[in-house]
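Single-structure report; data block below.
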Ligand SMILES: C[S@@+](CC[C@H](N)C(=O)[O-])C[C@H]1O[C@@H](n2cnc3c(N)ncnc32)[C@H](O)[C@@H]1O
């Protein structure tokens, strides 16, 4: 890595993780294990010296950490995601809500009478994940939430339903698979009521100085809905190499709250569909899946270059990928690709380090989690 300025900040290891968000209002509305923290976004914003009113884009917006933090800091923000589930979540987290209005709707929802629901179109996985009673109550409430006319409020209550029902589920996310573990669960209605109460408290507590953010359903490799040179900074984290398949663990939320768009979603996920095209010379000789990953990341980097104004900055949070026998240093490969495309590589800030093993015992090196800081000259 000597070819680029390299900064070791292993003291900041928690920043690229989601954990710190669990203590922050609104950020904690959906526990997105693959997300980074509000503190990471603030750290990068300060490093870049961004000023109020400037525009920040996150082309892999996930649960909305970047735009929400920007709204707290008085920056304008936009986000893009290929997953309709993540679009729903990040949209719901980046509205400017009126708590009184939410309270009124919450009151109405509490008096909803539960009706018997037809479960024949529900998948076997979802049926196994809940008690029939929870599922009946959820579907009745979901019908009522769908009738809310105000788009923002509908997103708010959909997210509340989603978080509450997953707490009342036998499903456990274990790495990249869902496991069903029968155990005693809390009563759904009570959980929903307290979730809504907590979320409305969060709306009152969080101090937002700009917004709402623009959230787009789209592909980071082709953002034709964003104008050339219209963005001051990009702060983002694409799916990590080796960890791309995590969409499977959100299958229940997808089925219940977004509906069957999974096949398209998978095709647009970066790194999953090696498309014909030139292989980046920097990825030559790497395992096929790593090559496919860098082909897609090169396209997203080109798009970022197009939408950034001159002098604009970009921060990519990435992590090394572990293969039998080798660790692919994503930060260095991506830095080289970015340089060839015309970016100035300002520095690589390493924040995390994990010993990489193969078959759990053979030590093959270290995998780094870092922030790649770029500038459009
Ligand atoms: C690591 S997560 C981002 C997490 C985010 N920083 C947060 O704090 O929640 C990567 C996101 O990229 C999205 N994604 C994958 N392929 C994409 C594509 N081609 N275009 C846009 N988003 C994509 C995934 O749906 C996922 O939400």
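The values are calculated or read from the model by the stated rules, or taken from the named source; none is laboratory data. This is a predicted model, so every value here is computed, not measured. In this analysis, Cβ positions are derived from the backbone assuming ideal geometry, glycine residues included, and neighbour counts consider all displayed protein chains.
Taking residue 61 as the residue in question, decide whether it is near the ligand (Cβ under 9 Å from one of its atoms), over 24 Å from residue 166 (Cβ atoms) and assigned by TED's automatic domain parsing to the domain that holds residue 349. First the steps, then the outcome.
Details: near the ligand (Cβ under 9 Å from one of its atoms): yes; over 24 Å from residue 166 (Cβ atoms): no; assigned by TED's automatic domain parsing to the domain that holds residue 349: yes.
So residue 61 does not fit the description; no.
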Query - Elements of type strands (runs of 3 or more DSSP E) in the range 271-377, at least 3 residues being within 21 Å of the chain's Cα centre (by Cα) - result: 308-319, 343-358, 362-376
Query raised in the report: Pairs, please: C-beta under 8 Å, at least 6 apart or cross-chain, first residue closer than 20 Å to residue 22 by Cα and in the range 32-58, second at pLDDT below 95 and within 11 Å of the ligand (Cβ to nearest atom)?
Result: 33/246; 34/239; 34/240; 34/243; 34/246
Query raised in the report: Restricting the search to the range 17-52, which residues are more than 8 Å from the ligand (Cβ to nearest atom), at pLDDT 95 or above and not in a helix (DSSP H, G or I)?
Result: 17, 24, 25, 26, 30, 49, 50, 51, 52
Query raised in the report: Among the residues of the range 169-176, is any more than 30 Å from residue 303 (Cβ to Cβ), in contact (Cβ under 8 Å) with a residue 60 or more places away in the chain and surrounded by 19 or more Cβ atoms within 10 Å (Cβ to Cβ)?
Result: yes
Query raised in the report: Within the range 190-215, which residues are under 24 Å from residue 231 (Cα atoms) and surrounded by 15 or more Cβ atoms within 10 Å (Cβ to Cβ)?
Result: 208, 210, 211, 212, 213, 214, 215
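Looking at residue 235, is it in the same structural domain as residue 288 (by TED's automatic domain parsing), touching a helix residue (DSSP H, G or I) at 6+ places or on another chain (Cβ under 9 Å), modelled with pLDDT of 95 or more and buried (at least 19 other Cβ atoms within 10 Å of the Cβ)?
Criteria met by residue 235.
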Report task. Please work out which one of (1) within 16 Å of the ligand (Cβ to nearest atom); (2) surrounded by 24 or more Cβ atoms within 10 Å (Cβ to Cβ) is the condition residue 87 fails and give its number. Result -> (2)
Requested in this report: Kindly indicate the residue of the range 72-83 that is closer than 30 Å to residue 255 by Cα and modelled with pLDDT of 95 or more and also surrounded by the most Cβ atoms within 10 Å (Cβ to Cβ) among those meeting that condition.
Outcome: 79
Query raised in the report: If we scan the range 77-87, do we find a residue that is part of a strand (DSSP E or B) and under 30 Å from residue 135 (Cβ atoms)?
Result: yes
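How many of the residues making up the range 212-240 are in a strand (DSSP E or B) and within 13 Å of the ligand (Cβ to nearest atom)? Explain how you work it out, then say what you get.
Residues of the range 212-240 that are in a strand (DSSP E or B), as a first pass: 214-217, 219, 222, 231-236.
If we keep only those that are within 13 Å of the ligand (Cβ to nearest atom) as well, we get 215-217, 219, 222, 234-236.
The qualifying residues number 8.
Return the only residue of 193, 209 being within 24 Å of residue 97 (Cβ to Cβ), in a loop (DSSP other than H, G, I, E, B) and at pLDDT 95 or above. Break it down into steps so the answer makes sense when it comes.
Details: 193 fails: in a loop (DSSP other than H, G, I, E, B).
Matching residue, one of 193, 209: 209.
Mind checking which residues of the range 93-123 are within 13 Å of the ligand (Cβ to nearest atom) and either touching a strand residue (DSSP E or B) at 6+ places or on another chain (Cβ under 6 Å) or part of a helix (DSSP H, G or I) (or both)? It would help to see each step written out before you state the result.
Keep residues of the range 93-123 that are within 13 Å of the ligand (Cβ to nearest atom), which gives 93-94.
Matches in the range 93-123: 93 only.
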